[in-house]
Amino acid sequence: MTFPQLQLELGERAAQGLLRQRRTVASPQSPHLVVDGKPCLSFCSNDYLGLAYHPRLIAAFQQGAQQWGVGAGAAHLVSGHFEAHDQLEKQLAAFVGKPAALLFSTGYMANLGVVQALMGKGDTVFADKLNHASLNDAMLLSRASVKRYRHNDIAQLSTLLAQTEKGRKLICTDAVFSMDGDRANLPELLALCEAHDAWLLADDAHGFGVVGAQGRGSLSHFGLDSPRIIYMATLGKAAGVFGAFVAAEQLVIDALVNSARSYVYTTATPPALSVALLESVRLIEQGDAMRAHLQSLIAQLRAGLQGLPWALMPSDTAIQPLLIGENKAALDLSMALRGRGIWVAAIRPPTVPTGTARLRITLSAAHSVADVNRLVEVLRELAC
């Protein structure tokens, strides 16, 4: 491909309102940032509990770096698996109620590793059409057959499962959908797994730390416990640090250790991160007040934005999408907010379906009532 072709493609993206650009943050993660040299109130971070700049995590990270240094040096299966990694895996497994857990560098790598390791030719992956890109890429790389079902359409999924007689079966779903903020019906999905001898891979990137008893995640929220469930959660959102983990039966974890390419063939994360994450799990477990404050902010925002020309999509989670529709309109509204010192990202295709461009408002326990009031006031002014 030549450079003029690349330039043409980028120009076409810009004309369609789809060109992506980065903003540079010059302050620690919090609701109040300095972005591209200007102060702003941010509503586009996944730091749902406000832990990314928590003093206890900073102190734990510093202590971990002092004890273990700043790099792991090798893959886990070579010489990069440290005591801190092992302790964190055991703690995470116990916290979410699974027999064992395995650390990955990112949620993307975790999903790639799980699906590629467990599924192959002759097997079938069933996937919600609104799943995260990492699950979509994982199922394609696995070389298994793929059957996608309409968003949260249990009846269609049941039909697809009944039509599939051979090979292993895996249902993949976000537990909390990253762009809509709604939830998968995990109990009904598990019932289908029981009926059709399938696994259930639940990506709880946006639920871990926020939902369930003591923030233990979506399995806790629904009261689910089954050896068929493979649970994945990320550690850079509500946990405030970095990384991801998969929790499952010991046999599944052993299979991943041996066959998950994104685990086997990559350098382990710095052990200092695991020290910080051990402290993060303690804060999450003790964080009922933070989660209660977050829920009150969600209710405040939803009440405050009633009656606007743009509707909030149905969601009781920290992800509150404001549906705009057209790409340019979403970008224009995002830029108008930026002009008032408020940062809310405009989400456009292909991340979301065509015609559903939106502002993805994300709330954090670090936000104040005044912060949310400011967003509501400005959106109401811009709607006039």
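The values are calculated or read from the model by the stated rules, or taken from the named source; none is laboratory data. It should be emphasised that the depicted structure is a prediction, and the values quoted were computed from it without experimental measurement. A quick note on method: Cβ atoms are made from the backbone with ideal geometry, for glycine too, and the neighbour counts reach across all protein chains shown.
What about Gly167, is it farther than 16 Å from Tyr231 by Cβ, modelled with pLDDT of 95 or more, touching a strand residue (DSSP E or B) at 6+ places or on another chain (Cβ under 7 Å) and surrounded by fewer than 16 Cβ atoms within 10 Å (Cβ to Cβ)? Judged against the criteria, Gly167 is a match. For the stretch 103-112, the condition of being in the same structural domain as Asp204 (by TED's automatic domain parsing), in a strand (DSSP E or B) and surrounded by fewer than 19 Cβ atoms within 10 Å (Cβ to Cβ) holds for none of the residues. Considering only the stretch 291-310, I want to know if a residue exists there that is in contact with a Gly (Cβ under 7 Å, 6 or more places away or on another chain), part of a helix (DSSP H, G or I) and more than 21 Å from Ile347 (Cα to Cα). Checking the stretch 291-310: at least one residue is in contact with a Gly (Cβ under 7 Å, 6 or more places away or on another chain), part of a helix (DSSP H, G or I) and more than 21 Å from Ile347 (Cα to Cα).
Take the conditions (1) in contact with a Gly (Cβ under 8 Å, 6 or more places away or on another chain); (2) assigned by TED's automatic domain parsing to the domain that holds Glu377; (3) within 22 Å of Asn46 (Cβ to Cβ); (4) not in a loop (DSSP other than H, G, I, E, B); Lys328 misses just one of them, which is (3). Being in contact (Cβ under 8 Å) with a residue 60 or more places away in the chain and charged (D, E, K, R) is the filter; apply it to the stretch 177-192 and report the residue that is surrounded by the fewest Cβ atoms within 10 Å (Cβ to Cβ). The residue in question is Asp182. If you go through the stretch 353-373 and keep only what is buried (at least 19 other Cβ atoms within 10 Å of the Cβ) and not in a helix (DSSP H, G or I), you end up with Thr356, Ala357, Arg358, Leu359, Arg360, Ile361, Thr362, Leu363, Ser364, Ala365, Ala366, His367.
For the stretch 287-309, a residue qualifies if it is in contact (Cβ under 8 Å) with a residue 40 or more places away in the chain and not small (Gly, Ala, Ser), and the qualifying residues are Asp288, Met290, Arg291, His293, Leu294, Leu297, Ile298, Gln300, Leu301, Leu305, Leu308, Pro309. Screening Val246 with (1) touching a Phe, Trp or Tyr at 6+ places or on another chain (Cβ under 8 Å); (2) among the hydrophobic types (A, V, I, L, M, F, W, C); (3) in a helix (DSSP H, G or I) gives one miss only, at (3). Selection within the stretch 13-31: residues that are of a type outside the set (D, E, K, R) and in contact (Cβ under 8 Å) with a residue 12 or more places away in the chain. The member of this set that is surrounded by the most Cβ atoms within 10 Å (Cβ to Cβ) is Pro31. Summed over the stretch 243-293, the residues that are more than 27 Å from His221 (Cβ to Cβ), of a type in the set (A, V, I, L, M) and within 21 Å of the chain's Cα centre (by Cα) give a count of 1.
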